[in-house]
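Only one structure is covered here, and it is reproduced in the block below.
The values are calculated or read from the model by the stated rules, or taken from the named source; none is laboratory data. If you're wondering where the values come from, they're calculated on a predicted model, not measured in any experiment. Glycine gets a Cβ as well: all are built from the backbone with ideal geometry, and neighbour counts include every protein chain shown.
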Amino acid sequence: MEERANRRSIEAVVVSNKMAKTIVVTVERAFAHPQYKKIIKRNTKYKVHDEKNEAGIGDLVLINETRPLSKGKNFRLVKILKKAGA
């Protein structure tokens, strides 16, 4: 029996929850510019499957990479780490 490859776990912030069973999260990464060494911030948005529609805008969530669930959805909500405004 084959073992599964390690799947990415990412902490992200919810920016939209308007779709049914789907949230959009943003992940911020910082890196140094190769030539100028200035720290640059970049954001990446991911669509995440939220089966129970429990995440709200501003929540800090833990997401896990999974098989493709639709054309643009490759992540699943694992748990909510911190509710917005709490």
### Query
Are there any pairs, at least 6 apart or on different chains, whose C-beta atoms fall under 9 Å, with the first in the range 58-84 and within 19 Å of Ala20 (Cα to Cα) and touching a residue at least 12 places away in the same chain (Cβ under 8 Å) and the second of a type in the set (S, T, N, Q) and outside any strand (DSSP E or B), and if so, which?
Lys73/Thr66; Asn74/Thr66; Phe75/Thr66; Arg76/Thr66
#### Entry: Selection from the range 30-49 of residues that are exposed (fewer than 10 other Cβ atoms within 10 Å of the Cβ) and either of a type in the set (Lys, Arg) or in contact with a His (Cβ under 9 Å, 6 or more places away or on another chain) (or both)
Lys37, Lys38, Ile39, Lys41, Arg42
### Message
Here's a check for you: in the range 55-86, which residue that is touching a Ser or Thr at 6+ places or on another chain (Cβ under 9 Å) and among the polar types (S, T, N, Q) is surrounded by the most Cβ atoms within 10 Å (Cβ to Cβ)?
### Response
Asn74
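Scan the range 39-48 and tell me whether some residue there is modelled with pLDDT of 95 or more and more than 16 Å from Ala12 (Cα to Cα). Step through it out loud before you land on a result.
First pass over the range 39-48, keeping only residues modelled with pLDDT of 95 or more: 39-48.
Remaining after also requiring more than 16 Å from Ala12 (Cα to Cα): 39-40.
So far as the range 39-48 goes, yes, one or more of its residues are modelled with pLDDT of 95 or more and more than 16 Å from Ala12 (Cα to Cα).
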### Message
What's the number of the only condition in (1) of a type in the set (D, E, K, R); (2) surrounded by fewer than 13 Cβ atoms within 10 Å (Cβ to Cβ); (3) within 17 Å of Val27 (Cα to Cα) that Lys52 fails to meet?
### Response
(3)
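Could you check the range 6-52 and list, in sequence order, the residues that are among the hydroxyl-bearing types (Ser, Thr, Tyr), under 20 Å from Lys79 (Cβ atoms) and free of Cβ contacts under 8 Å to residues at least 40 places away in the same chain?
Hits for the range 6-52 are Thr26, Tyr46.
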